[in-house]
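See structure below.
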Amino acid sequence: MIVVVIGVLALQGDVREHLAAVDACPGVRAVPVRRPAELAAVDAMVLPGGESTTMSRLLVTFELLEPLRARIAAGMPAYGSCAGMILLATEVLDGRPDQQQLGGLDVVVRRNAFGRQVDSFETDLAIAGIDGGPVRAVFIRAPWVEKTGAEVEILAGVAGPGGGAPHPVAVRQGAVLATAFHPELTGDTRVHALFCEMAREAVAARR
Ligand code: GLN
């Protein structure tokens, strides 16, 4: 079996949970990534939930911002949950002015979009491409996607606190996957399994 190595950005956030969820995929090894040399050795990357402004700052300090941008631009599969989704977006609303973007996902996201009233909530979410019924989705000061580019596929949406049309909360563009929620916190590894499959396909296409 091909062993695919998937890195989890380990600067801040819920790294351990993502490492465990990725490790549950057959044929995949999960490794924490803190240094450029570690990044160079992986086939794909997970960007965890946490705080996007802090992670953005640490990416600069650890000299990972440019190499990570370059790998993603070159087609390396990447999956971001919550703060990770914010990092992958090409544009952020309600971010900090000095917040850095990795790019790769042609969307505009709004940080802390669900507002204070519903700071955190959970819901059952049907996700396109994931079989076996809805996924329990945990939202913690989550963003939503405000605008998607032509190549972005919307996999799931949730209405805002005021109701109305659903906002995308799970999206995919080629080898880049992002969720506004935290599947790593529920023990349901189907979202990670989808990403592992994306990474496996990318590696198989390269070999
Ligand atoms: N609100 C956080 C941010 O802006 C994201 C929260 C999370 O990852 N749970 O980065």
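Every number in this text was worked out from the coordinates using simple rules, so none of it is lab data. In this text the structure is predicted, and so the values were computed from the model without any measurement. Counting neighbours? That spans all protein chains shown, and the Cβs are built from the backbone with ideal geometry, glycine included.
All C-alpha to C-alpha distances of region 14-99, sorted into 5 Å bins beginning at zero, yield P(r) values of 3, 13, 25, 28, 19, 9, 3, 1, 0 percent in whole numbers.
Close amide H pairs (under 5 Å, H built 1.01 Å from N) link Leu105 with Thr90, residues at least 5 positions away or on another chain. Listed values for region 100-105 are Karplus-derived 3J(HN,Hα) couplings in whole Hz (6.51 cos²θ - 1.76 cosθ + 1.60, θ = phi - 60°), namely 9, 10, 7, x, x, 10, and x replaces Gly and Pro. For a 4.7 Å threshold on C-beta separation, the list of partnerless cysteines in the chain reads Cys82. Residue ranges 8-16, 68-76 sort as 8-16, 68-76 when ordered by packing (mean number of other C-beta atoms within 10 Å per residue, highest first). Close amide H pairs (under 5 Å, H built 1.01 Å from N) link Phe181 with Cys82, residues at least 5 positions away or on another chain. Close amide H contacts of His167 (hydrogens built in the peptide plane, cut-off under 5 Å, sequence separation of 5 or more or a different chain): Val158, Ala159, Gly160.
Divided by 2.2 N^0.38 Å, where N counts the residues, the Cα radius of gyration of region 35-182 comes to 1.00.
Applying 1/(1 + (r/R0)^6) with R0 = 22 Å to the Cβ-Cβ distance of Glu38 and Asp98 gives a FRET efficiency near 0.30.
Shown for Ser56, Ser81, Ser120: other C-beta atoms within 10 Å of each C-beta, ranked fewest to most, produce the order Ser120, Ser56, Ser81. Counting only DSSP beta bridges with both residues in the chain, what percent are antiparallel, rounded to the nearest 5? Here the antiparallel bridges make up roughly 50 percent for the chain. Highest mean packing comes first when the peptides 171-184, 22-35 are listed by Cβ atoms within 10 Å, giving 171-184, 22-35. From its DSSP helices (H runs of at least four residues, each -39,500 (n - 2.57)), the chain gives a residue-normalised ellipticity at 222 nm of -7500 deg cm²/dmol. For region 1-66 versus region 173-207, the spacing of their alpha-carbon centroids is 13 Å. If the label point is 7 Å along Cα→Cβ of Ala204, which residues in region 1-43 have backbone nitrogen under 14 Å from it? Counting only backbone N, you get 1-4, 26-28. For region 97-207, the calculated P(r) over all alpha carbon pairs, in 5 Å bins from 0 to the bin holding the longest distance, is 2, 11, 21, 23, 21, 14, 5, 2, 1, 0 percent.
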